[in-house]
1. To make sure I understand, if each residue's beta carbon is the centre and we count other beta carbons within 10 Å, what order do A:53, B:182 fall in, fewest to most?
2. Could you tell me how many degrees, from 0 to 90 and to the nearest 10, lie between the Cα long axis of helix B:531-554 and the main elongation axis, the longest principal axis, of the Cα atoms of chain B?
3. With a cut-off of at most 10 other beta carbons within 10 Å, and DSSP calling the residue loop, which trypsin sites (Lys or Arg not before Pro) in the stretch B:266-367 qualify? Please list them.
4. In debye to the nearest 20, how big a dipole does the protein assembly as shown give about its Cα centre with +1 on each Lys and Arg Cβ and -1 on each Asp and Glu Cβ?
5. Placing unit charges on C-beta atoms (Lys and Arg positive, Asp and Glu negative, everything else neutral), compute the dipole magnitude of the stretch A:365-472 about its Cα centre in debye, rounded to 20.
6. Efficiency by 1/(1 + (r/R0)^6): what FRET value for residue A:81 and residue A:10, r their Cβ-Cβ distance, R0 = 45 Å, to the nearest 0.05?
7. In nm to one decimal, list the spacings between the residue B:144 label point and its equivalents in the other copies, with label points set 7 Å along Cα to Cβ, shortest first.
8. Over the C-alpha atoms of the stretch B:390-510, what are the Rg and the largest Cα-to-Cα span, Dmax, in Å?
Number of protein chains: 2
Amino acid sequence: MVTRHEDTAMVVFQPSGRSGKVPKGTTILEAARLLGAGIEALCGGHHICGKCKIRIETGSVRSQGIESRRENAGAWQSGEADHITSEEKAAGYRLGCVAVVEGDLLVTVPEESRPGKQVVSKAARPIPIDQNPAVKTYFLQLSPSSLSDPTGDFERLGRALEATYGLTGLSIDLHAARSLGKVLRKGKWDVTVSVWMEREIIRLRPGKAGPNYGMAFDIGTTTLAGYLCDLDTMEVVATASMMNPQVPYGEDVISRINYCLDNPEGRQQMSTAVVDGLNSLIEQALSEATAHTGGRIRPADIEDVTACGNTCMQHLLVQLDPEPLGSVPFAPVVHSGLNVKGRDLGLQVNPAANVYMLPNIAGFVGGDSVGVILAEQPQHSEDTVLIIDIGTNGELVIGNRQKKVCSACSCATGPALEGAQIEFGMRAATGAIERVTISPDTHTVDYKVVGRDAWLSYSDPGQMQVRGICGSAVLDALAELFKAGIVAGSGAFDPQVEIGRLRDNPETGQKEFVLAWSAETAIGKDVVITQNDIRQIQLAKAAIYTGCKLMLRRMNLQRPDRIKIAGAFGNHIDVHRALVLGMFPDCPTERISSIGNAAGDGCRMALLDRKKRAEAERIARQVEYVELTLMDGFQEHLVDAIHIPHMTDDFPHLKQKSAMRRK
Amino acid sequence: MVTRHEDTAMVVFQPSGRSGKVPKGTTILEAARLLGAGIEALCGGHHICGKCKIRIETGSVRSQGIESRRENAGAWQSGEADHITSEEKAAGYRLGCVAVVEGDLLVTVPEESRPGKQVVSKAARPIPIDQNPAVKTYFLQLSPSSLSDPTGDFERLGRALEATYGLTGLSIDLHAARSLGKVLRKGKWDVTVSVWMEREIIRLRPGKAGPNYGMAFDIGTTTLAGYLCDLDTMEVVATASMMNPQVPYGEDVISRINYCLDNPEGRQQMSTAVVDGLNSLIEQALSEATAHTGGRIRPADIEDVTACGNTCMQHLLVQLDPEPLGSVPFAPVVHSGLNVKGRDLGLQVNPAANVYMLPNIAGFVGGDSVGVILAEQPQHSEDTVLIIDIGTNGELVIGNRQKKVCSACSCATGPALEGAQIEFGMRAATGAIERVTISPDTHTVDYKVVGRDAWLSYSDPGQMQVRGICGSAVLDALAELFKAGIVAGSGAFDPQVEIGRLRDNPETGQKEFVLAWSAETAIGKDVVITQNDIRQIQLAKAAIYTGCKLMLRRMNLQRPDRIKIAGAFGNHIDVHRALVLGMFPDCPTERISSIGNAAGDGCRMALLDRKKRAEAERIARQVEYVELTLMDGFQEHLVDAIHIPHMTDDFPHLKQKSAMRRK
């Protein structure tokens, strides 16, 4: 499509300096995406989160309607008023998702609207895996082609593979076939053949060739992780992780499904975004591995790929229609594991490499839960294990060797715990408060920010450069506020407490607690936790707790023998504080463990041991999916769980532990 | 790669008016390719054929060395002298493959260097085929997805395909999977499913959908043909044909293999060229079919593709390495039929469509010969059938139901019979002499040109606008010259004959016979047939005859029961004259038939009847390949066959026929 010159406008973003021409009528958020200038948009441009606030320095914008999505002559949109004060309005602040480019613009993206580089911890755990990769290599010494035996190269190779290794009836990938003639002659008829699943020849290398590699991807709603594995030694030779580049299209699964409903190209855009992300991971991993091993590893050396994510992420990766996931009965388009060619997705791996995507259990319990089950094997456990995978969604798995394993999803958990829907919420990026303590006696606040080792109490306030609060700190703060008696069991700020940090916000009419004074921040204002923030966190923890309770009821159990917390968030969480808040069902703290990225581990197992793929398919068929919202008493349980427990009988271990502490 | 402005030059070709910037150092032939200005280059730019003569009007060129391929300071290259006279040289004539762009240029492409639009006749014959296409459609009415049955779309579809049609274990192409969610809901759970080989779901359409189509391609060295077939009615709904766009890279198979040896990108370039050609055929066929049927047929409606060609054409189509075909033992990279995705080749068909390429018998006997055997079934014939497929190569098949079928290739035939290596040779394009008669008594020449119905004797000489001589007319002319006593059985012009049309060329020292005086031509000079032209034709016909004789000897037979002439050239050939020349072994003329494009017919059978694919694989394995050049007495036979037979005992039927004519 050719855009005529008069239909475009020049937009310059500062401080990044990103600039370029965009079609008039583009929103500023979209322009930022097009020009690569980062603007936060947790809600995916739906005028909800208010995180994409920008300031127009010069030039003119108009507004896009919220309900009708039609252009609106008025320069100010009522939806914006929820997020932009009258002073800000006067200073030129607008929402990036509402303001539409009308002519050349200079736009400032304020500090708090810029996405930080998140600190992602998705390291690989050592787990026992049988060596049985889907791609195996075979070395052959062929007899040269001659007039007395002019059999074609492929048939000659097939004959030798059968004679030497008993492999028959193999097909050959087009790209492997293209290299065949040259490779055989270059290696003087010695050749290393990579065969996928004893079915398809996918690569040929002259002579006796070196190692080959595979990549396992864990595609989280917020975070992507990749594990580069040597298919021979089984070692993880490099790990890479980054934010999911789909985040600008929507922070949670539902926002992304809605983005597809609203944009005909949405599915393609988001697929391109995540594939670009995976390609960045490959690049990172290859350069890390090359630095470590000395020898250069190239994309063509990645001969096999596995991938897992929640059902929606898996659908978006391969561009299955995610819309059915957004409405009753929330059925996926495909349950089964899919084998597709990496080249068909645009992955920068060997062009003949296959990608195995783990099967989905249900619309909201996907291949990542299958990966967790592969890695943790609750179906073979004597104890009843409850696995809580806290990512952007909370996914629950419970089971033991006697009973059928059940899985469920409490979708409401993620965004709040990861900082969305929280006034000063942000991801675990530089400047995010990640730990909080509040003295019960003096109400002194101390905290630590991501990117700085020293706590506030050991720092000059101006060094803290606070930008917001991340998930773990939101939980911390609430537990501390509760223990300090500033917040009651209902979650309400105690009106009796009178301290300087607790104040009324005249604009919202809400109470708020100051965690960091403006002098300690990089954004020139106090960073607070509001009454509404506390409500959001209460809802999230109630959703997880309710899910666990209902799953236990389904199993006719009072409590699990063990709790395993999976996911990066689980690594950061303070178990005792989570118990204080009533996030998990009661369990001795020593029987609660963090298992890291178990989904990624399972995905890696499927890469290195092909038997795990068949097992994954069995798991996806056999694990029972529980639709929590349809269970009797779901609403009542949820409402009850909103309360912060006060050492009730529901939590004997917590009581005991607290009692011990008091001694 | 960025080319700096000062490294390019503007080249304008006239009379086409094609122009543009090309990197300095490009040959004019390559520049013409890049800018889409047609220049003939039968030898593929190897400084051999001299067909790419052009005239530099303004601007400067330099020369490229012939042996070393390195740049040469001299402005004139000795190789050019073979093709360009001193007058032409003075007038600015150069060879396009030698002259290198040094600065801005205005170039004239003379009439005789322009490729004409060939008249291609590759119509489809009616042949009996069982209806059993590889892609079949199935209509299903699914139960809607619901909370009580939230099975995923793919699994729901699989369940119904098994229950209704007994199909199990189907996979689904990625592109079909992408449409699944929307299609099922759009059709209100009624769906038409296209399944390939009872193995893979390749397309989904909402409700009860209309017809689906397949395309069979015959990829000749010189000509491409495509047959668009309705997979339900089995009808050929449109036929399209065109020149193979690889021709500029070399007229024959060997030139194209050499082009790959010389150019690292050659294989890719030629694959792109032929795929572009096939896409043009698809476009032609679809618009023709749409015009006929009324309803619009789209590329996505083409759900299956078969293709055949000689081994080299098949290798180049899918980018297998053609180099092994160019040297002993001439082994193909792949014998077996290949299944590849159309999208992997860049074909504009349904993205999930598979392409089945017929298997190769040997390095020079490819899927096209397998197609001929599929269509003609010599292996089931009571009579011994000799099939001669005259395209750019001559491919031979002989057999009957008792004896093993043998195949062979006489590579030398094609280029000469199609006009290459002939002084005024050209393809069967407008202005080509296609029929010649010479009165034995008066030596009066009469001829007909392609594009004009009236013969010379019924025309004003200036209306003939002759540009050259095409294959069939070269044969005609030689037979007529022989019958008129102007050429002896040895092929030499008879020195005793004294007529105005027979003259010595002082430059070459050769005799030549004027077919058309310059007043009758569009190129301002006499069109002649030279002593060397006659030698080339003698070699070509000797190659075919020798091949036939040796194949008969292999079968221990004196003569075949039937001869079938396949290929477009076979449609134009005058059987009696070919017998006069001794091109075919002796056979009653009524038992010699032209069977048209039998390779294309076989390819169409493989499209419409999947059993033919298994049969093709059996044929490719079982048909014996005979390497003619290795047979005892090959050279002697070839030398003997160069002679024009004089009603010898070798040709009793010709003798008898001639005797009959005399009566």
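Each reported figure results from applying straightforward, stated rules to the coordinates on display, with no laboratory input. Predicted, not measured: the structure shown is a model, and the values here were computed from it. Neighbour counts run over all protein chains shown; Cβ positions are idealised from the backbone, glycine included.
1. With the sparsest Cβ surroundings first, the list reads B:182, A:53.
2. Approximately 50 degrees, to the nearest ten.
3. Of the trypsin sites (Lys or Arg not before Pro), the ones in loops of the stretch B:266-367 whose Cβ has at most 10 other Cβ atoms within 10 Å are B:296.
4. Its charge dipole is roughly 1340 debye.
5. Working: 8 positive and 13 negative charges, 38 e Å.
For this selection, approximately 180 debye.
6. Numbers: r = 29 Å, r/R0 = 0.65.
Here the calculated transfer efficiency is 0.95.
7. Here residue B:144 shows inter-copy label distances of 7.1 nm.
8. 17.6, 58
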